[in-house]
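Notes for the one structure printed next.
The values are calculated or read from the model by the stated rules, or taken from the named source; none is laboratory data. Note that the structure is predicted; figures quoted are calculated from it, not measured. Cβ atoms come from the backbone with ideal geometry, glycine included; neighbour counts cover every protein chain shown. Only protein heavy atoms, including side chains, enter the accessible area calculation; ligands, DNA and RNA are left aside. Shrake-Rupley method; radii C 1.70, N 1.55, O 1.52, S 1.80 Å.
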Amino acid sequence: AIGRSSMLTLSAAAALAYSPTVAAPHARTSAASVSSRASAPRLGLLQKLGLRRGARFADDLGLPCVDECAVASYPNLPPSVHPGVVTGQALVDLLQHAKENRYAIPAVNCVTSSSVNTCLEAARKADAPIIIQFSSGGSQFYAGKGLDNTDFDAAVAGAVSGAHHVRTLAAKYGVPVILHTDHCAKKLLPWVDGMLAESEAHYAAHGEPLFSSHMLDLSEEPLEENIAICVEYMQRMAKLDMLLEMELGITGGEEDGVDNENANPEDLYTKPEEVWMVQKALQAVPNAKFTIAAAFGNVHGVYAPGNVKLDPKILRNSQEYISQQLGLGAGAKPCSFVFHGGSGSDINDIKEAISYGVIKMNIDTDTQWAFWDGVREYEAKYHDYLQGQIGNPEGETKPNKKYYDPRMALRSGEEAMAKRLCEAAEDLNCIDVLNWSK
């Protein structure tokens, strides 16, 4: 296995070589960021690699961002929001725009470069932003199941690899991307620690973190401990201009090895007073940026109608309660909420939740099925051409290579998944948001 120390050294070198979003026209040049980049060590490494500080990695690959993706901002979005991975103030501005304009951004768990590319393709077709996220298990799979995951080395390496993949291609698709990681229970905190170390190295080199945000899911812990650990991580992440997503209450069902199918029904519904406890604690951290995945009956997976009872009004009540605590006027939405377990949800519940301040909805189960369904349909269509390398209905000596080429079935899966994601974007009102082609 690759040791953590050696992996971080290699990744820190990669962070110096990769410089997304600091080149014109997307640069956000503050005195601090200029100073940090100017004083970053090991410039000689970049020169040895033939790379240029401040240049996009894609540019150094001979893939310059041209035409639409070369714009500095979008006509329909805040000027800080640009093609490629967004972090810091650009991320906050994008989420605030979503809240004010009543749309939510779809978030998809990716496990391969294929699923990442599909998300980018779907976002471009929908003319909208996208959230690409990795789970611990998905990150390990991204690195390769043959890699030793002792101390979460493989999961950290896979997430970092995925992050660089997203950063290399995101601007090429001309869409804003939030680079996020999903559920992190207490036992998985070393995984997030490893990724934060990567973002700290990237921040020192480029003035922004590698990832846009991370999620902590400490909902199985006592509320006070959940909040205390989140505050601790928020303090560390705030120094990097990162956003923290925290979970309050339990999301039912099973997702990526986290099994809450037998959870106490009461734990599936959050109380406004609990949301206020989180809001109060996190907003006290200087430069804090955070969202709250408050449970309102959410369940991972897809179940028969009637088995999932969502109550979006919990979010409305929480907004009203916290507005009172903060002395805000009627209709204020001080909280930015996340909708977990979006797959299979009733469209009316989705629309209602968005009206109460949901700015992100996770959709994983439906996209998994869509990808598989595309592969399944391909196999069914060309079944007689996939039974051997030679011989098909056209003749016993006819070769079948063009049918069993992995790209064929994978592309069928990608197309089906992209179609489902565009449907999700419609449901979330997250369509034609960029408005640059209108």
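From the list Ile347, Ile390, the lone residue that is exposed (fewer than 14 other Cβ atoms within 10 Å of the Cβ), at pLDDT below 95 and β-branched (Val, Ile, Thr) is Ile347. When Ala204, Ala159, Ala163 are screened for being of a type outside the set (D, E, K, R) and over 14 Å from the mean Cα position of the chain (by Cα), only Ala204 passes. Scanning segment 89-112 for residues that are surrounded by fewer than 23 Cβ atoms within 10 Å (Cβ to Cβ), in contact with a Ser or Thr (Cβ under 9 Å, 6 or more places away or on another chain) and of a type outside the set (A, V, I, L, M) yields Gln89, Asp93, Gln96, Lys99, Arg102. Would you call Leu243 over 15 Å from Phe134 (Cβ atoms) and touching a strand residue (DSSP E or B) at 6+ places or on another chain (Cβ under 6 Å)? The answer is yes for Leu243.
Taken over segment 73-130, the residue count meeting the criterion of being farther than 21 Å from Gly162 by Cβ and of a type in the set (Ser, Thr, Tyr) is 4.
Conditions tested, residue by residue: (1) modelled with pLDDT of 95 or more; (2) open to solvent by 30 Å² or more (accessible area, probe 1.4 Å).
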site	(1), (2)
His300	no, no
Gly306	no, yes
Asp311	no, yes
Gly327	yes, yes
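Candidates in segment 350-380 are the residues that are hydroxyl-bearing (Ser, Thr, Tyr) and surrounded by fewer than 24 Cβ atoms within 10 Å (Cβ to Cβ); of these, the one that is farthest from Val92 (Cα to Cα) is Tyr378.
Among the residues of segment 267-297, those that are of a type in the set (Ser, Thr, Tyr) and in a strand (DSSP E or B) comprise Tyr269, Thr291.
Identify, please: which residue in segment 138-158 is out of contact with any Leu (no Cβ under 9 Å at 6 or more places or on another chain) and part of a helix (DSSP H, G or I) and is, among those, farthest from Leu210 (Cα to Cα)? The selected residue is Thr150.
Looking at segment 261-282, is at least one residue within 28 Å of Thr150 (Cβ to Cβ), open to solvent by less than 10 Å² (accessible area, probe 1.4 Å), modelled with pLDDT of 95 or more and out of contact with any Pro (no Cβ under 8 Å at 6 or more places or on another chain)? Among the residues of segment 261-282, not one is within 28 Å of Thr150 (Cβ to Cβ), open to solvent by less than 10 Å² (accessible area, probe 1.4 Å), modelled with pLDDT of 95 or more and out of contact with any Pro (no Cβ under 8 Å at 6 or more places or on another chain), which makes the answer no. Taking the condition open to solvent by less than 50 Å² (accessible area, probe 1.4 Å) and over 30 Å from Gly84 (Cβ atoms), does Gly395 pass? So Gly395 passes the test. A Cβ distance below 7 Å, combined with a sequence gap of six or more or placement on separate chains, defines the contacts here; from segment 315-328, residues that are closer than 13 Å to Ala294 by Cα and among the basic types (Lys, Arg) reach no residue that is crowded, with 16+ Cβ neighbours inside 10 Å and modelled with pLDDT under 95. Going by the conditions given, is Asp373 touching a residue at least 24 places away in the same chain (Cβ under 8 Å) and either among the aromatic types (Phe, Trp, Tyr) or more than 30 Å from Arg102 (Cβ to Cβ) (or both)? So Asp373 fits the description; yes. Among the residues making up segment 81-124, those that are farther than 15 Å from Ala171 by Cβ and part of a loop (DSSP other than H, G, I, E, B) are Asn101, Arg102, Tyr103, Ala104, Cys110, Val111, Thr112.
Each residue in segment 203-231 was checked for being surrounded by fewer than 17 Cβ atoms within 10 Å (Cβ to Cβ) and part of a loop (DSSP other than H, G, I, E, B), and 3 pass. Only one entry of Ala418, Ala409 meets the criterion of being touching a residue at least 40 places away in the same chain (Cβ under 8 Å) and open to solvent by less than 40 Å² (accessible area, probe 1.4 Å), and that entry is Ala418.
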